[in-house]
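Engineer: Quick one: this structure, given as structure tokens, is what I'll be asking you about.
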Amino acid sequence: MRSSIFLVCVMCLSLTQIQISMADLVDDTCKQTPNNDLCVSTLHADPRSATADVAGLAIIVVDAIKAKATATVAQINTLLGSSPDPKTKNGLDSCLKKYSNAILNADIPSALEALQKNNPKFAEQGTNDAANEANSCERSFAGGASPISSFNKSVTDLSNVASAIIKLLL
Amino acid sequence: MASSPLCLLLFFFSLFFGHGFVPLEASHKVFLHLQNQSPSSLKTHQPYRTGYHFQPPKNWMNGPMIYKGLYHFFYQYNPKGAVWGNIVWAHSTSTDLVNWTPHKHAISPSQPADINGCWSGSTTILPDGKPVILYTGIDPQNNQVQNMAVPKNLSDPFLLEWTKLPQNPLMEPTSTNNINASSFRDPTTAWKGADGRWRTIVGSKVNRKGIAILYRSKDFIHWTKAQHPLHSAKKTGMWECPDFYPVAINGLNGVDTSSIGKNLKYVLKLSLDDTKHDYYTVGSYNRVKDSYVPDKGSVDNDSGLRYDYGKFYASKTFFDDAKKRRILWGWINESSSVEHDIEKGWSGVQAIPRNVLLDKSGKQLLQWPIKEIEKLRANAVHVSSRQLKGGSMVEVTGVTASQADVEVSFKISDFKKAEALDPSWSNPQLLCSQKGASVKGGLGPFGLKVLASKGMEEYTAVFFRVFKGQTKYEVLMCSDQSRSSLDNDNDKTTYGAFLDVDPVHEKLSLRSLIDHSIVESFGGGGKVCITARVYPTLAIDGEAHLYGFNKGTESVEITTLSAWSMKKAKIN
């Protein structure tokens, strides 16, 4: 009886150790990114982070980019549907291509496959490009009047975090 | 020769605007009719598609693997899009390494050992002449394993079909061999030791230490991991696409991978995952210990010697038995955004194959484009003994400036204006970025401006600067892409390297192969190579220009300049 209680105690302690280790991994990893707070909050929001290795953490952030990019496309389409002025429309059209074709249809799938199959430099290429596309989108509004600045900033920030995590795998 | 009206017009324009343009005498004064892009499934105007570099009709490519005889080129290909993914082995053949015929894919996922991907590998020619392929497969658990494929029909000269061994994988991470299953890839061309056993190395890492895992085999099917790696280096990260081969000391020819002899050095090249640079060392191969030792003084990390100081990765050599030379292939990816790649419908080209030899110093390699590429030259323009005064430019007319081959040689007579080289200026790439082509100097910058627009809004500059070092004059070679395009969505990073040439006693030579969106430059006869990707918006096709320039204070002499239009090759 005592031995089984002892065993249970040992197991509880072990599990607690594992949980602490995983939490350490999130902290240790996020410290090495340019946006520690964003990194931590993004990872903690996903239950997979409790048991993920570094590649797994990168996948979580890439999924977050995907979600944000999807929301950006929705927002672009909403704005396009509200008869924007020509300059804004040009910018929105350009951004739609960058988000739909490049980020969602190419960068994200390529990065996810690369992380799943452990060829991280191609994942890095994908997340670096996502940040570049978001920046380029922001610059495509004449006179700097972007209606989707916060979306572009989120995608850029998340992409930079993802790239930094991926760099740890190279 | 009488100047054509067109040249005269240029002359008058230059006088009027005071640029000091001087028309060079040309043997042909007319602009070559610009070849049209060959029909392809891509509908839009393709200003960046190359005329004579290896690339598939569309989508993504990288990674070279080759077999000789009829030259074969196998490459990593994504049939579904212009980014990496869904990788298969695509296949083309050539009789001359210049014109290529595409074939069906050689290897695609089909057995558990490669069901999730057919990644890079190498071909080995067995003593009986039979080629075999060793390659990395991704198994159902996404582990990296090594597999083998052999030709289905040896009497088919095109080797269209390949049979995978049912025993695959032949090398794999296990619970006892401590191999990192997510970092185990790119088996090399195998070599036979004096004991008759085959050896191959596979790239890997242990934490941040890059290692070349060594395997040995008697029959090429059963492989045993050696106790020690062939070589390793701390803090270099994952080693991809390792390449290990002998070179002849003072040799004029390449050497077979399995050669054994006294007059040989060895080269180990690694592709660094972290920095995307291919670096190498020259050293010795201890056959008793089966280990490689770089020569004393070698820099065995990313700061060491590179095949190319620009865009050049996942390279691989093969021994061309027919012409007794070692040939280097390298993958040049895009410097454009993925959105642009999707629009144009393709991504990635191969460098022009290069002949590789050991420099007579024994300390580095020399590379030079294969001679066969010269058959594409047409409409030669020659100049000799021309002073290029400080602050001047000369246009090279009479060639298709967007698809050209240029060789120029400079002689410096007066060194007194050379600026002192600050000892802290040790990073040549940084130095080239800070002192680009538009920054006036004492002795330099002088060189070429390629893919230049008429009003110089866009140009790519490849040039030299000569500095006074502590004990001798130092030559910096740069490829400056900062003004290459008005489109800011491109990566316009500048590249540079110090060139080991003595400008007091030797001429400074530069060759540039220009092909729409790629500029491959060779300094000092191939001592420094720099490849760049550029995407001009104005300097396209007939609107591209070619100039020699000198933005230094001191005059330099062009001892010779030769330029040719390059004809379009038949590529895939």
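Engineer: Within the range B:274-288, work out how many residues are open to solvent by 40 Å² or more (accessible area, probe 1.4 Å) and within 14 Å of chain A (Cβ to nearest Cβ). Break it down into steps so the answer makes sense when it comes.
Structural biologist: Just the residues of the range B:274-288 that are open to solvent by 40 Å² or more (accessible area, probe 1.4 Å), to begin with: B:275-276, B:284, B:286-288.
Filter once more, so that each one left must be within 14 Å of chain A (Cβ to nearest Cβ): B:275-276.
Going through the range B:274-288 one residue at a time, the tally reaches 2.
Engineer: Show me the strands (runs of 3 or more DSSP E) found entirely inside the range B:110-167 where at least 2 residues are open to solvent by 10 Å² or more (accessible area, probe 1.4 Å).
Structural biologist: In the range B:110-167, the matching strands (runs of 3 or more DSSP E) lie at B:118-125, B:144-151, B:162-164.
Engineer: Determine which member of the set B:ASP243, B:ASP195, B:ASP219 is open to solvent by less than 10 Å² (accessible area, probe 1.4 Å) and either away from chain A (no Cβ under 14 Å) or under 20 Å from B:LYS289 (Cα atoms) (or both). Let's see the steps before the verdict.
Structural biologist: Working: B:ASP195 fails: open to solvent by less than 10 Å² (accessible area, probe 1.4 Å); B:ASP219 fails: open to solvent by less than 10 Å² (accessible area, probe 1.4 Å).
The conditions single out B:ASP243.
Engineer: Is the range B:402-413 home to any residue that is farther than 18 Å from B:PRO503 by Cα, out of contact with any Pro (no Cβ under 8 Å at 6 or more places or on another chain), modelled with pLDDT of 95 or more and in a loop (DSSP other than H, G, I, E, B)? Talk me through it step by step, then tell me what you get.
Structural biologist: We begin by selecting, within the range B:402-413, every residue farther than 18 Å from B:PRO503 by Cα; these are B:402-406.
Adding the requirement that they be out of contact with any Pro (no Cβ under 8 Å at 6 or more places or on another chain) leaves B:402-406.
Now narrow it down to the ones that are modelled with pLDDT of 95 or more: B:402-406.
Adding the requirement that they be in a loop (DSSP other than H, G, I, E, B) leaves B:402.
Yes, that holds for at least one residue.
Engineer: Here's a follow-up. Within 14 Å of chain B (Cβ to nearest Cβ), farther than 30 Å from B:PHE184 by Cα and modelled with pLDDT of 95 or more: which single residue out of A:SER163, A:SER154, A:SER146, A:SER100 fits that description? Lay out the reasoning, then the answer.
Structural biologist: On the way: A:SER163 fails: farther than 30 Å from B:PHE184 by Cα; A:SER154 fails: within 14 Å of chain B (Cβ to nearest Cβ); A:SER146 fails: within 14 Å of chain B (Cβ to nearest Cβ).
Just a single option satisfies the conditions, and that option is A:SER100.
Engineer: Name the single residue that is farthest from the chain's Cα centre (by Cα) among those in the range B:343-383 being in a strand (DSSP E or B) and among the β-branched types (Val, Ile, Thr). Working first, answer last.
Structural biologist: In the first step, residues of the range B:343-383 are kept if they are in a strand (DSSP E or B); the result is B:346-347, B:349-350, B:354-358, B:365-369, B:377-383.
Narrowing the set further to residues that are among the β-branched types (Val, Ile, Thr) leaves B:349, B:356, B:381, B:383.
On the way: B:VAL349: 10, B:VAL356: 11, B:VAL381: 26, B:VAL383: 28 Å.
So the residue we want is B:VAL383.
Engineer: So A:LYS68 fits all but one of (1) more than 12 Å from the chain's Cα centre (by Cα); (2) open to solvent by 60 Å² or more (accessible area, probe 1.4 Å); what number is the exception?
Structural biologist: (1)
Engineer: Suppose we keep only residues that are within 22 Å of B:ALA90 (Cβ to Cβ) and of a type in the set (Val, Ile, Thr) within the range B:328-372. Which one would you say is farthest from the other protein chains (Cβ to nearest Cβ)?
Structural biologist: Within the range B:328-372, the match that is farthest from the other protein chains (Cβ to nearest Cβ) is B:ILE370.
Engineer: A further question on this structure: Checking the condition within 21 Å of B:ASN78 (Cβ to Cβ) and not aromatic (Phe, Trp, Tyr), which residue from A:LYS117, A:LYS167 passes? Steps first, please.
Structural biologist: On the way: A:LYS167 fails: within 21 Å of B:ASN78 (Cβ to Cβ).
Criteria check complete, one pass: A:LYS117.
Engineer: In the list B:TRP162, B:TRP119, which residue meets the criterion of being aromatic (Phe, Trp, Tyr), in contact with a strand residue (DSSP E or B) (Cβ under 8 Å, 6 or more places away or on another chain) and either within 14 Å of chain A (Cβ to nearest Cβ) or on the phi > 0 side of the Ramachandran plot (or both)?
Structural biologist: Numbers: B:TRP162 fails: either within 14 Å of chain A (Cβ to nearest Cβ) or on the phi > 0 side of the Ramachandran plot (or both).
B:TRP119 is the lone residue from the list that is aromatic (Phe, Trp, Tyr), in contact with a strand residue (DSSP E or B) (Cβ under 8 Å, 6 or more places away or on another chain) and either within 14 Å of chain A (Cβ to nearest Cβ) or on the phi > 0 side of the Ramachandran plot (or both).
Engineer: Could you please find all residues in the range B:410-448 being β-branched (Val, Ile, Thr) and within 15 Å of B:SER482 (Cα to Cα)?
Structural biologist: B:VAL439
Engineer: Out of all the residues in the range A:109-138, which are crowded, with 24+ Cβ neighbours inside 10 Å, farther than 23 Å from B:SER271 by Cβ and either in contact (Cβ under 8 Å) with a residue 40 or more places away in the chain or more than 7 Å from every other protein chain (Cβ to nearest Cβ) (or both)?
Structural biologist: Once the filter is applied, which keeps residues that are crowded, with 24+ Cβ neighbours inside 10 Å, farther than 23 Å from B:SER271 by Cβ and either in contact (Cβ under 8 Å) with a residue 40 or more places away in the chain or more than 7 Å from every other protein chain (Cβ to nearest Cβ) (or both), the range A:109-138 yields A:ALA130, A:ALA134, A:CYS137.
Engineer: Can you name the residue in the range B:128-159 that is of a type in the set (S, T, N, Q) and within 14 Å of chain A (Cβ to nearest Cβ) and, of all such residues, is farthest from the chain's Cα centre (by Cα)?
Structural biologist: Let us first name the residues in the range B:128-159 that are of a type in the set (S, T, N, Q), namely B:136, B:141-144, B:146-147, B:153, B:155.
Narrowing the set further to residues that are within 14 Å of chain A (Cβ to nearest Cβ) leaves B:136, B:141-144.
On the way: B:THR136: 23, B:GLN141: 34, B:ASN142: 31, B:ASN143: 30, B:GLN144: 27 Å.
In this case the residue turns out to be B:GLN141.
Engineer: Something else now. Just the residues that are under 16 Å from B:GLY447 (Cβ atoms) and among the aromatic types (Phe, Trp, Tyr), please, taken from the range B:382-421.
Structural biologist: Scanning the range B:382-421 gives a single hit, B:PHE410.
Engineer: In the set B:LYS265, B:LYS269, B:LYS205, which member is charged (D, E, K, R), within 25 Å of B:ASN333 (Cα to Cα), open to solvent by 10 Å² or more (accessible area, probe 1.4 Å) and in a strand (DSSP E or B)? Even if it seems obvious, please write down each step before you answer.
Structural biologist: Working: B:LYS265 fails: within 25 Å of B:ASN333 (Cα to Cα); B:LYS269 fails: open to solvent by 10 Å² or more (accessible area, probe 1.4 Å).
Result of the check over B:LYS265, B:LYS269, B:LYS205: B:LYS205.
The values are calculated or read from the model by the stated rules, or taken from the named source; none is laboratory data. Model, not experiment: these values are computed from the prediction. Glycine also receives a Cβ, built like all others from the backbone with ideal geometry; neighbour counts cover every protein chain displayed. Note: accessible area is taken over every heavy atom of the protein model, side chains too, but ligands, DNA and RNA are not part of it. Shrake-Rupley method; radii C 1.70, N 1.55, O 1.52, S 1.80 Å.
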